[in-house]
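Engineer: Just passing along the structure, written as structure tokens.
The values are calculated or read from the model by the stated rules, or taken from the named source; none is laboratory data. Since this is a predicted model, take the numbers as computed values, not measurements. Here Cβ is always computed from backbone atoms with ideal geometry, including for glycine, and neighbour counts include all displayed protein chains.
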Amino acid sequence: MRVADEGEFGLIARLRGMLAGEREGLIHGVGDDTAVFRSAAGGLWAYTADAVVEGVHFDPAYTSWHSLGYKSLAVNISDLASMGGSAPSFALVVLGLTGDSEVEAVEEMYRGMEDCGRRFGCSVVGGDIVRSPQHLFVSVSLVGPVEEGFLTRGGARPGQVVMVTGTLGDSFLGLKWLMGGGKDSNPCAQRHLYPQPRLQEGGRARELAAAACIDVSDGLLRDLGHICEESGVGAEIFLEDIPISDAARKTAGELAEDAPGAALFGGEDYELVLVADEKKAVAMRDELGLTVIGMIKEGGGVVVLDSTGKRVDKGRIGYEHFKEG
Ligand SMILES: [Mg+2]
């Protein structure tokens with residue numbers, strides 16, 4: 001079978017089976033935003049990796065070297081955030097360069113990493129540079145501390161509340177904006193180029209005993225779907241309650257795109273989806289400025305409801321359209 005036929009998630013499921021089993025020091029293995037292991041000294045560490053490839057994850061036509069560096073670090077810090085981890089963290093960077101890559105451009109990319117690292121307490125401490133025949137790629141692996149009670153995808157239970165930080169759909173609309181030749185000063189474009197991981201919120205949500213968490217990298221429906229799979233539950237969310245920024249509405253209008261569709265299906269917002277008991281959810285919502293978007297239910301899968309409680313047909317809100325994107 002070809003990889004393209006199996007798909008990313010199918011392949012992960014296969015490999016997960018091969019990697020299953022007890023390992024000394026391994027606390028939390030494949031199937032979450034990070035692995036968690038215990039050091040000999042007793043501390044818990046979260047360990048994660050993410051790669052971006054030119055032509056697949058970014059297009060140099062509208063991605064500056066600086067933003068490429070910033071984002072490649074930020075997306076890893078976001079995975080640490082979704083486990084309730086904290087600073088300082090440490091990153092290794094593997095860079096695949098073609099012979100034509102400009103040295104100054106690579107330096108600019110590292111300045112982007114530095115800017116992100118300074119903001120979120122992450123240091124690049126080494127890595128490797130290899131030759132890539134055609135396309136540039138950046139692979140970052142990151143290790144950072146987590147505490148007991150770290151957040152996972154697997155802790156959601158029926159009756160709990162689903163909440164989200166910030167607003168959704170901005171990044172997808174920003175990408176469309178840039179692809180259409182729009183300026184990168186558009187706030188949605190900035191959200192796409194310079195994602196701001198919710199490291200503080202994730203850490204605080206752990207302290208406030210959230211039940212489950214994931215960061216929005218693949219789109220709300222898909223990522224909340226991961227929580228449902230790992231927790232063995234379902235979820236209902238209200239379309240009208242999903243937070244959408246004014247900038248996203250305006251940009252969607254100008255692009256003739258659908259803002260709620262972007263919020264449901266568009267990825268790379270790097271907000272956190274948090275699940276918590278009803279009592280704890282109120283305090284969490286108020287302190288962290290979260291938006292309640294739904295509830296965890298028995299069963300499986302994510303159902304989208306309109307304001308009258310009727311099930312929304314995912315086709316109507318652009319499921320196929322966004323699937324292609
Ligand atoms: Mg993630």
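Engineer: Could you give me the residue pairs with C-beta distances under 9 Å whose first residue belongs to region 24-39 and is assigned by TED's automatic domain parsing to the domain that holds Ser217, whose second residue is in a loop (DSSP other than H, G, I, E, B) and more than 16 Å from the ligand (Cβ to nearest atom) wherever it lies, and which are 6+ apart or on separate chains?
Structural biologist: No pair meets every condition.
Engineer: Take the residues of region 63-92 that are at pLDDT 95 or above and of a type in the set (Val, Ile, Thr): which is farthest from Ala105 (Cα to Cα)?
Structural biologist: Ile77
Engineer: Hey, another quick one. For region 176-225, give me the residue count where each residue is among the charged types (D, E, K, R), over 18 Å from Ile242 (Cβ atoms) and part of a loop (DSSP other than H, G, I, E, B).
Structural biologist: So the answer is 2.
Engineer: Here is a follow-up. State whether one or more residues within region 258-274 are loosely packed, with under 13 Cβ neighbours inside 10 Å and modelled with pLDDT under 95.
Structural biologist: no
Engineer: So, one more: Name, by its number, the condition in (1) among the β-branched types (Val, Ile, Thr); (2) surrounded by fewer than 17 Cβ atoms within 10 Å (Cβ to Cβ); (3) touching a Lys or Arg at 6+ places or on another chain (Cβ under 8 Å) that does not hold for Val53.
Structural biologist: Among (1) among the β-branched types (Val, Ile, Thr); (2) surrounded by fewer than 17 Cβ atoms within 10 Å (Cβ to Cβ); (3) touching a Lys or Arg at 6+ places or on another chain (Cβ under 8 Å), the lone unmet condition for Val53 is (3).
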